[in-house]
Amino acid sequence: MVEFTEDEAALYDRQIRLWGVDAQRALRSANVFVKRCGPLGAEICKNIVLSGVNSLTLYDPRVVGEEHSATNFLLRTQTGHTFAETAVPNLQILNPLVRVSSTTEDLSKDTIGQYSVVCITDGTHDEYSALNDLCREHGVSFLACNTWGMAGFMFQDAGANFKFIAEKSKVHKEQKGADQGATKRRKVDSTDKNDKQDEEEEEDGYEQREASFVTYRDAGEVTKLKFSSPSVLIAQGLLRGVTDIGQYCRETAEKINAKHVPDDLLQNLDGGIVPICAIVGGMASQEIIKIVSKKDPPIVNSFYYDGLSGAGIIENTRPSS
């Protein structure tokens, strides 16, 4: 069991109060790998370092140019080095207690097993499929994220049988209260460990649940949209390399009886817009924390964001069959 040093206990005090000691212990043991630290990846890396994981490893061999500093706060110190090398010292400043490093080698079957979670940004359909397959084979959780101008996307796979704890439903709590009736709980002495543990288990209000994920490759295209979000159509088209995204969105919308994608959204699909990256990156970071801590229901399995309307939706994409 990981024990906190005095410095860690002081630094993570608010987080421990928020999600508990066990969750923070789990984070303290987690090793996260992030592939690509552009504007979206930078937001994820920043949040993960601040959460207090054991280590964060970056892979991004792209070379920093002057044009990158405007949209990426991790790349403002120097040019001519790789994204990963430049980002490491700027992330390390945020939390000296986390081991932040870069690597020049992409993930392989020989190295992936050392990580708890793998997160890849700004990739393609084929790239996500291959990496998710590798993660699933070695029992490593997987997240993929993209932003295209005002549209954003996130997919995650935490395994076929992911167990976590979540707050008990209101119905469960009311039933339990009715069963207890008017009986008043007795006070327990702090030295009576067994009684105290039973009391805490009654009061914590949490229960174990299970979520079932599919891999990115097995997840079928959305054929029926809960909220008809245009960002879903944009993400599915661009990830699959569609050349005429406008035509693809129009045809697909008609096929599944969804709303047409606004022209304003289609005309703003270039570049990493910082506020959109912050929102999608924040969602991805939150899911990494949930997966590692195994506390609170995770998103199953896709999140889409439409920056024009400000709407973020969750779609559970099941296998095509």
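Note the per residue figure in Å³ for the convex hull of the C-alpha positions in region 42-180. Let's see the in-between values first.
On the way: hull volume 24.2 nm³, N = 139.
Value for region 42-180: 174 Å³ per residue.
Converting phi to 3J(HN,Hα) with the Karplus coefficients 6.51, -1.76 and 1.60 and the offset θ = phi - 60°, region 63-69 yields 9, 6, x, 4, 5, 7, 5 Hz in sequence order, with x at every glycine or proline.
Between their Cα atoms, which of Lys109/Lys295; Lys168/Lys295; Lys46/Lys295; Lys168/Lys290; Lys46/Lys168 are more than 23 Å away from each other? Result: Lys109/Lys295; Lys46/Lys168 exceed 23 Å.
I need the peptides 33-41, 100-108 ranked by packing, meaning the mean over residues of other C-beta atoms within 10 angstrom, with the highest value on top. Please report the intermediate quantities before stating the final value.
Values: 33-41: 24.6, 100-108: 14.2.
Ranked from most to least packed, the peptides come out as 33-41, 100-108.
Looking at region 8-165, the DSSP beta bridges with both ends there are about 30 percent antiparallel. According to the square roots a ≥ b ≥ c of the eigenvalues of the Cα gyration tensor, what is the shape class of region 14-112, taking rounded for a/c under 1.5, prolate for a/b larger than b/c otherwise, and oblate for the remainder? Oblate, since a/c reaches 1.5 and b/c is not below a/b. With a cut-off of 15 Å between beta carbons, the residues surrounding Glu8 carry a summed charge of 0, where Lys and Arg count +1 and Asp and Glu -1.
Subtracting the Cα-Cα distance of His81 and Glu6 from 0.36 nm times their residue separation leaves 23.4 nm of extension gain. Annotation: extensible slack from Glu105 through Arg318 equals 73.4 nm (criterion: 0.36 nm per residue apart, minus Cα-Cα distance).
Since every read-out is calculated from the coordinates, none of them should be taken as a lab result. Every value quoted in this text rests on a predicted model; they were computed, and no experiment measured them. Here Cβ is always computed from backbone atoms with ideal geometry, including for glycine, and neighbour counts include all displayed protein chains.
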